[in-house]
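Shown next, in structure tokens, is the structure this report addresses.
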Amino acid sequence: QKEVEQDPGPLSVPEGAIVSLNCTYSNSAFQYFMWYRQYSRKGPELLMYTYSSGNKEDGRFTAQVDKSSKYISLFIRDSQPSDSATYLCAMINLVSGGYNKLIFGAGTRLAVHP
Amino acid sequence: EAGVAQSPRYKIIEKRQSVAFWCNPISGHATLYWYQQILGQGPKLLIQFQNNGVVDDSQLPKDRFSAERLKGVDSTLKIQPAKLEDSAVYLCASSPQGEPSPLHFGNGTRLTVT
């Protein structure tokens with residue numbers, strides 16, 4: 001079983017839709033949770049970064065962490081064609097991994113069509 | 001702020017040949033990472049440097065992969081000899097030292113081994 005599971009998609013939605021992207025994880029030692037966006041032929045760029053359970057909002061993006069269920073989500077409101085990319089969840093286990101050893105999910109490919 | 005620079009952008013080699021990738025991190029970033037991203041998968045950490053020293057190389061195939069970071073700045077990753085399964089995008093990232101902080105990724109080198 002992989003430490004971090006993420007549905008690869010692809011996910012295709014119309015412009016303006018609310019998008020929900022999810023990851024599950026098996027290791028309860030994960031403490032930091034991140035979402036990266038990766039455009040085609042580019043490196044990943046950080047979108048959201050949370051430490052605790054709960055919600056964190058940044059513009060049209062909301063990150064949600066439920067440590068009891070080992071489940072994290074990223075919601076995108078009013079999705080735009082420019083949101084079309086691969087979304088990667090990533091986690092850090094400070095106990096065994098030290099600072100910044102990110103464990104990535106496989107990424108979900110999102111296409112927002114006009 | 002200039003981003004993480006990587007070269008070359010693309011490389012095609014035959015199996016059993018050798019190849020080298022170069023990375024210049026963001027100025028002042030003490031930590032440098034090399035990730036391997038196989039098509040359809042999330043990035044996987046190969047090696048992490050803190051200044052000149054190796055922090056984690058547990059997933060580096062040391063029989064064929066080597067990496068160095070001279071003077072705590074630029075880094076090179078070498079593969080010798082290459083195998084077909086080494087076809088991937090090799091991403092370099094950097095971050096400041098200390099507390100978990102966002103990784104800044106370069107755009108990667110896409111390697112094709114034929």
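The values are calculated or read from the model by the stated rules, or taken from the named source; none is laboratory data. Worth saying up front: this structure is predicted, and the values here are computed from it rather than measured. Positions of Cβ are generated from backbone atoms using ideal geometry, with glycine treated the same way; all protein chains shown enter the neighbour counts.
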Answer yes or no as to whether B:Ser58 is touching a residue at least 24 places away in the same chain (Cβ under 8 Å) and either within 11 Å of another protein chain (Cβ to nearest Cβ) or at negative phi (or both).
no
If you take the residues of region A:23-63 that are under 26 Å from B:Ser94 (Cα atoms) and polar (S, T, N, Q), which of them is surrounded by the most Cβ atoms within 10 Å (Cβ to Cβ)?
A:Gln38
Scope region A:1-51; condition among the hydrophobic types (A, V, I, L, M, F, W, C) and in a loop (DSSP other than H, G, I, E, B); matching residues
A:Ala17, A:Ile18, A:Ala29, A:Phe30
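Yes or no, residue by residue, for (1) within 14 Å of chain B (Cβ to nearest Cβ); (2) within 23 Å of B:Asp56 (Cβ to Cβ); (3) among the aromatic types (Phe, Trp, Tyr):
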| residue | (1), (2), (3) |
| --- | --- |
| A:Pro44 | yes, yes, no |
| A:Thr50 | yes, no, no |
| A:Gln64 | no, no, no |
| A:Asn93 | yes, yes, no |
| A:Gly105 | yes, yes, no |
Which one of these does A:Ile18 not meet: (1) closer than 26 Å to B:Val4 by Cα; (2) surrounded by fewer than 13 Cβ atoms within 10 Å (Cβ to Cβ); (3) β-branched (Val, Ile, Thr)?
(1)
Given the conditions (1) farther than 22 Å from A:Tyr36 by Cα; (2) surrounded by 17 or more Cβ atoms within 10 Å (Cβ to Cβ); (3) not polar (S, T, N, Q), report the number of the one that B:Leu45 does not fulfil.
(1)
Failed item in (1) farther than 21 Å from A:Arg41 by Cβ; (2) surrounded by fewer than 17 Cβ atoms within 10 Å (Cβ to Cβ), with B:Leu60 passing the rest:
(2)
Of everything in region B:11-67, what is in contact with a Gly (Cβ under 9 Å, 6 or more places away or on another chain), under 26 Å from A:Gln6 (Cβ atoms) and of a type in the set (Phe, Trp, Tyr)? Give them in sequence order.
B:Tyr35
What is the residue count in region B:1-34 for residues that are touching a residue at least 60 places away in the same chain (Cβ under 8 Å) and either part of a strand (DSSP E or B) or not charged (D, E, K, R) (or both)?
23
Subset of region B:72-99 (residues that are of a type in the set (S, T, N, Q), crowded, with 20+ Cβ neighbours inside 10 Å and modelled with pLDDT of 95 or more):
B:Ser75
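Can you pull out the residues in region B:17-33 that are within 12 Å of chain A (Cβ to nearest Cβ) and crowded, with 17+ Cβ neighbours inside 10 Å? Show your work before the answer.
As a first pass, look at region B:17-33 and keep what is within 12 Å of chain A (Cβ to nearest Cβ): B:23, B:29-33.
Listed by number, the residues that qualify are B:Cys23, B:His29, B:Thr31, B:Leu32, B:Tyr33.
Given region B:66-114, what strands (runs of 3 or more DSSP E) lie entirely inside it while holding 1 or more residues that are within 14 Å of another protein chain (Cβ to nearest Cβ) and at negative phi?
Details: elements: B:75-79, B:88-95, B:109-113.
Here the list reads B:88-95, B:109-113.
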